[in-house]
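Trainee: Sharing a structure with you now.
The values are calculated or read from the model by the stated rules, or taken from the named source; none is laboratory data. Note that the structure is a prediction, hence the values are computed from the model and not measured. All Cβ positions, even for glycine, are placed from backbone atoms using ideal geometry, and neighbour counts span all protein chains on display. Please note that ligands, DNA and RNA were not included when accessible areas were found on the heavy atoms of the full protein model with its side chains. Shrake-Rupley method; radii C 1.70, N 1.55, O 1.52, S 1.80 Å.
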Amino acid sequence: MAEAYEYQDRDVIAPEVYGRAGHPHNAFAWLRANDPLHWCEPEGYLPFWAVTKHADIVEIEKQPELFLSEPRPIIGPEIANPEFREEVIAEIFKRLQDSPKLLQVLAGSGQQGLIRSLVQMDPPDHPKYRDLVQPWFKPRNLKRLEDRLEEITRNILDDMMGDGSLRELDFVQDVAVYHPLKMIVELLGVPDEDEWRILKLTNELFAGDDPEMKRVGDDPLSMFETIKDLYEYFDRVTEDRRKNPTEDLSSYIANGKIDGEYLPFKELISYYIIVATAGHETTRTAMSGGLLALMENRDQLQKLTVDREKYIKLGVEEMIRWSTPVAQFSRTATADYALRGKTIRKGDTVGLFYASANRDEDVFDDPFSFRVDRQPNKHVAFGYGPHICLGILLARMEMRIFFNQFVQRLEHIELAGEPDHLQASFVHGVKHLPIRVKLKPAA
Ligand code: HEM
């Protein structure tokens, strides 16, 4: 595979490349073998180092004072022309005219943008903000959710089963979207009737590259309308929780204080947004990628079904490694740094390509084979270091419960068409997975 392939910088980042066939594993394999720390200058992007080895990602993420999340926490397309940039900012102000609170945030933000959540933060703010909700994600608290999650899963599988006959459906859009979404709605304590609103808004925000997921496919600024809706929605939630605090995560966020003060408006709303967004597209994508892998590796599906007690935990971990829903985050160096015989200069961006690290031949035995008994499995699909995914235990629990019930009820499954990939190089995975399936009722 690697010999016939001619590497180009756009292959590691261009959304169309991801949309065509998923994570660009041929480009990553080439880079790991030939230039594991590679200076990329793809058109439409500011340059960055592509970090493709597992050890290098770990080394960088362990040093949050040296490699900052700000000002470029992910690698996204750049508006290169400064005049156009001015026009864009003017247009954003125009669109937000009817939202004075947001205009204030925007005026105070400059280039920084309207969202400042954990992923954009560095020390000393990052640990302070993270500590605020960390207790919510501890095993003891999550344990309380387990029964509810079992019930949510049972209901979703009942819907998927229908009348028990062989059915055709799109696993991503008809099944996998509901599971994490219902969980997030539960965590945040927002009413069930707002589920679809949250789903739509977060889809629009996260899969921003993919035309199908955008509010207005050819309008690059539609993102700001989405952010506006999210701000307005969670502003109302905050007001309510300050008056009527409950046990939910929204109450934690609304009433949380740092150095004796409520969170500033931008950081406050961004907190809800990161929890609402980070939690569902990723988990949905891992579930869908996991199911696809199981269908493509029938012996592994069989193994998981026959001995699920033994393999469910390892199997879920392997599905997450295999699908790696978050393609990349990035960091910016605060000082010159030597790595792989090269110098990353102060101010350079390093792109951390998790999907490449998760196929690294130096870490994984036979990395291109999907094995539900893989152990050890030190993948970095959840990142590493102080920014490691806050929802790691929740995501694992959701997937474990889903696949545990699913394989018990599965009578038949096959692909009913070609899987379709998200045209996105941030959160990435399958967006349509047509299947023919037959389930039996819960025991
Ligand atoms: C399979 C599912 C998931 C995957 C693959 C995933 C992946 C990631 C990755 C790669 C990061 C960045 C880590 C880094 O910079 O080192 C991250 C951060 C984060 N994730 Fe997840 N995630 C998943 C599910 C969830 C869930 C269910 C939640 C919560 C409800 C969540 C909340 C967060 C938050 C809040 C952060 C920011 C943490 C920080 O910057 O300190 N994620 N996730």
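Trainee: Pairs needed: first member in region 320-348, within 26 Å of MET399 (Cβ to Cβ); second member anywhere, open to solvent by 50 Å² or more (accessible area, probe 1.4 Å) and more than 9 Å from the ligand (Cβ to nearest atom); C-beta distance under 6 Å; at least 6 residues apart or different chains.
Mentor: PHE329/ILE74
Trainee: What is the one condition in (1) away from the ligand (no atom under 16 Å from the Cβ); (2) in contact (Cβ under 8 Å) with a residue 40 or more places away in the chain; (3) aliphatic (A, V, I, L, M) that LEU394 does not satisfy?
Mentor: Unmet condition: (1).
Trainee: Grab the helices (runs of 4 or more DSSP H) fully contained in region 1-69, keeping just those with 1 or more residues being charged (D, E, K, R), closer than 27 Å to GLY385 by Cα and more than 20 Å from the chain's Cα centre (by Cα).
Mentor: On the way: elements: 15-21, 25-34, 54-61.
Per the criteria, 25-34, 54-61.
Trainee: Now a separate question. State the number of residues belonging to region 375-390 that are touching a residue at least 24 places away in the same chain (Cβ under 8 Å) and away from the ligand (no atom under 16 Å from the Cβ).
Mentor: 1
Trainee: Looking at LEU157, LEU169, LEU142, can you tell me which residue is open to solvent by less than 50 Å² (accessible area, probe 1.4 Å) and more than 30 Å from ASP420 (Cβ to Cβ)?
Mentor: Numbers: LEU157 fails: more than 30 Å from ASP420 (Cβ to Cβ); LEU169 fails: more than 30 Å from ASP420 (Cβ to Cβ).
Sole residue among the options that is open to solvent by less than 50 Å² (accessible area, probe 1.4 Å) and more than 30 Å from ASP420 (Cβ to Cβ): LEU142.
Trainee: Which residue pairs have Cβ atoms closer than 9 Å, lie 6 or more positions apart in sequence or on different chains, and pair a first residue in region 179-197 that is at positive phi with a second residue that is away from the ligand (no atom under 15 Å from the Cβ) and open to solvent by less than 60 Å² (accessible area, probe 1.4 Å)?
Mentor: If the second residue must be away from the ligand (no atom under 15 Å from the Cβ) and open to solvent by less than 60 Å² (accessible area, probe 1.4 Å), the pairs left are GLY189/VAL237; GLY189/ARG241; GLY189/SER251.
Trainee: Determine, yes or no, whether PHE48 is open to solvent by less than 20 Å² (accessible area, probe 1.4 Å) and out of contact with any helix residue (DSSP H, G or I) (no Cβ under 8 Å at 6 or more places or on another chain).
Mentor: Considered against the rule, which asks whether it is open to solvent by less than 20 Å² (accessible area, probe 1.4 Å) and out of contact with any helix residue (DSSP H, G or I) (no Cβ under 8 Å at 6 or more places or on another chain), PHE48 comes out as yes.
Trainee: Residues that are over 24 Å from GLN405 (Cβ atoms) and open to solvent by less than 50 Å² (accessible area, probe 1.4 Å): find the helices (runs of 4 or more DSSP H) completely inside region 290-392 holding 3 or more of those. Break it down into steps so the answer makes sense when it comes.
Mentor: Values: elements: 298-306, 308-323, 354-357.
Of the helices (runs of 4 or more DSSP H) lying wholly inside region 290-392, those with at least 3 residues that are over 24 Å from GLN405 (Cβ atoms) and open to solvent by less than 50 Å² (accessible area, probe 1.4 Å) span 354-357.
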